[in-house]
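**Q** Take a look at the following structure, please.
The values are calculated or read from the model by the stated rules, or taken from the named source; none is laboratory data. If you're wondering where the values come from, they're calculated on a predicted model, not measured in any experiment. All Cβ positions, even for glycine, are placed from backbone atoms using ideal geometry, and neighbour counts span all protein chains on display. Side chains are part of the model used for accessible areas, which takes the heavy atoms of the whole protein and leaves out ligands, DNA and RNA. Shrake-Rupley method; radii C 1.70, N 1.55, O 1.52, S 1.80 Å.
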Amino acid sequence: MSKINLRTTGDLLLAAQDLVLCCHVSPDGDTLGSALGLKLFLESHGKKVTMLVDDKLDKSFSFLPGSAGIVCPREGESYPTELLVVIDASSWDRIGLVADVVKPRHILNIDHHISNTEFAEYLYLDTKAAAVGEIMCDLFLEMGWAYTPEIALDFYTAISTDCGSFRYTNTTSKTMRRAGDLLDYGVNPMIISDNLDMKTRATAELFAKVLPTLTFEKEGRIAYISLSNDLYDENVSTEPFVYYPRYTEGVDVAIFFKAVEPAVTRVSMRSSKTDVAAIALSFGGGGHIRAAGCTINAPLEEARAQLLAALGKVM
Ligand code: AMP
Ligand code: MN
Ligand code: MN
């Protein structure tokens, strides 16, 4: 593994003629926007670029330029390529089935997670960047690459998603400057509220069923909500749910437990003080200090008990 700088990252991308870009599973605006903007740029330079995402895309992302060209790989397929670029994923298992189907000669990982496992041959890691979208802008500046309005929209979405529309502590003056540059290419910030902040009626109705599970522990410093497996629907986004307990007075750690299978529970954590990345890592997951997640191979109640016990030890 070698840690490389921006210039080497740009040179590696330019040297390849045939690339596969991939996102992490449960893709968010950062992994998608960063990969899509890069894809559009590389294609305009005559390169063959395939973008692989092992997941269903929420339809709220369909406004992202280039998203119609995203490929969902199937078991048994094979994608030989000169360079695989893994975007916003901190470990090899975060790309799901892509890990099995891609046959790369070289692997480049562009990431900003503190939990990065250094799995790739080449790594560009900037844990101070609020989003990989911000790294993409650093890269374009360093290389003198030009934005198009489409690329600017993809990168703006990437940045805005990961810093909670410039409200989270990971937002720096550079984050805002990079996003500010993108506005000069015609991005309308309202695109975020009109697309990503908009929830479907199904999501609102599901939230109404999940909210009664709201529970406080540790004198209200922990708050969690749970979605039992009988309510789980892979077609209904639950992305905003964890923010309800997160923004409740006195809460440090907010958790959303989602039973995606009878004995598999997805955990999302947000915090104001506690290092939830460390907790997530101890369950084989990862993330950032104030936003992290993991998947526990246990039914809802058991997963919840395990996680709360681990959390209780550090709080
Ligand atoms: P989420 O709660 O799914 O929005 O995830 C919060 C943060 O934790 C994001 O940066 C994710 O990329 C990261 N994360 C979530 N689940 C995992 C996991 N199983 N392994 C590694 N990182 C994760
Ligand atoms: Mn992400
Ligand atoms: Mn990210």
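**Q** Of all accessible surface on the chain at a 1.4 Å probe, what whole percent is carbon and sulfur? Walk me through the numbers on the way to the answer.
**A** On the way: 7260 of 14000 Å².
Of the solvent-accessible surface of the chain, carbon and sulfur hold 52 percent.
**Q** Give me the one-decimal Kirkwood hydrodynamic radius in Å for the chain, with the sum taken over alpha-carbon pairs.
**A** By the Kirkwood definition, the hydrodynamic radius is 20.0 Å.
**Q** Express in nm, to one decimal, how much length is gained between Asn235 and Val260 on full extension, taking 0.36 nm for each residue of separation and deducting their alpha carbon distance.
**A** 7.8 nm
**Q** Return the whole-Å distance between the Cα centroid of the stretch 96-172 and the Cα centroid of the stretch 276-292.
**A** So the separation of the two Cα centres works out to 19 Å.
**Q** What does the convex hull of the alpha-carbon atoms of the stretch 190-315 project to on average, in nm²? All intermediate terms of the calculation are to be shown ahead of the outcome.
**A** Details: hull surface 31.1 nm².
For the stretch 190-315, the mean projected area of the Cα convex hull comes to 7.8 nm².
**Q** I want to verify the translational diffusion coefficient of the stretch 263-310 in µm²/s; compute it with Stokes-Einstein, Rh as the Kirkwood radius over Cα pairs, at 4 °C and 1.567 mPa s.
**A** 125 µm²/s
**Q** Treating only the Cβ of Lys, Arg, Asp and Glu as charged (+1, +1, -1, -1), what charge dipole size does the stretch 104-253 show about its Cα centre? Round to the nearest 20 debye.
**A** 300 debye
**Q** Give the peptides 27-37, 119-129 in descending order of average Cβ contacts within 10 Å, highest first.
**A** 27-37, 119-129
**Q** Then there is this: Where the centre of each part is set by its Cα atoms, how far does the stretch 1-51 sit from the stretch 54-70, in angstrom?
**A** That distance is 16 Å.
**Q** OK, next. Hey, any idea what the orientation-averaged projected area of the convex hull of the stretch 228-295's Cα atoms comes to, in nm²?
**A** Quarter of the Cα hull surface area: 4.6 nm².
**Q** Let me ask you something else. For the stretch 169-231, take the alpha-carbon Rg, divide it by the Kirkwood Rh, and send me Rg/Rh.
**A** We get a ratio of 1.18 for the stretch 169-231.
**Q** Something else: Binned at 5 Å from 0, what are the whole-percent values of the Cα-Cα distance distribution for the stretch 27-95, short to long?
**A** 3, 14, 28, 27, 19, 8, 0
**Q** Using DSSP, restrict attention to beta bridges with both residues in the chain and report what percent are antiparallel, rounded to the nearest 5. Mind showing how you got there, number by number?
**A** Details: 20 of 50 bridges.
The antiparallel fraction comes to roughly 40 percent.
**Q** If you don't mind, there's one more thing I want to ask. Over the chain, average the accessible area per residue using a 1.4 Å probe and give it in Å², no decimals.
**A** Roughly 44 Å² per residue, with all protein chains present.
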